[in-house]
Amino acid sequence: MKQDLSLFPSSIIVSLPFPEVLDAVSDIVPENVTLTLLSVQPKAKPSKGGSADNERGELKITGLAFGSDWQCLTALAQIIERLEKSPLFKNAKLVSAVENKLYNRPAATFEILCDIGLNNQKREEKP
């Protein structure tokens, strides 16, 4: 693996806080949501208004929200709100949400993107 990494310029190898990301996402996802994809990618270029100093990467979350339209929308709003309140994430946005009729109960398939911040704030431990 080190040999493979040596092929990349050191400027593009970025350390991402994978354990913190996984722990935070598990706290953020409501009970009526199932994740189908969780992808963490290094940020290639800073976004508008951002800089490489305060952004490490991008988190892509795709999944299914189960329940009525209202329950699905509420769950998606909760995810976005919790991502924004977390010191680890910022610029959360819902990319898509569409009805999914493949299951025996109402569901919506969704995709959310957000930036992973570089701030060194530790998340508060649960009591």
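Structure above, values below:
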| item | result |
| --- | --- |
| Residue 14, sole failed condition from (1) of a type in the set (A, V, I, L, M, F, W, C); (2) surrounded by 13 or more Cβ atoms within 10 Å (Cβ to Cβ); (3) at pLDDT 65 or above; (4) closer than 16 Å to residue 58 by Cα | (3) |
| Failed condition for residue 55, given (1) crowded, with 16+ Cβ neighbours inside 10 Å; (2) modelled with pLDDT of 60 or more | (2) |
| Candidates 43, 48 - the one that is at pLDDT below 75 and exposed (fewer than 14 other Cβ atoms within 10 Å of the Cβ) | 48 |
| Any hit, the stretch 69-77, residues being in contact with a Phe, Trp or Tyr (Cβ under 7 Å, 6 or more places away or on another chain) and either in a strand (DSSP E or B) or at pLDDT 95 or above (or both) | yes |
| Tally of residues being crowded, with 16+ Cβ neighbours inside 10 Å, small (Gly, Ala, Ser) and touching a residue at least 24 places away in the same chain (Cβ under 8 Å) across the stretch 68-96 | 2 |
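The values are calculated or read from the model by the stated rules, or taken from the named source; none is laboratory data. Everything numeric here is computed off the predicted structure, so don't read it as measured data. Don't worry about glycine lacking a Cβ; one is built from the backbone with ideal geometry, like all the others, and counts go over all protein chains shown.
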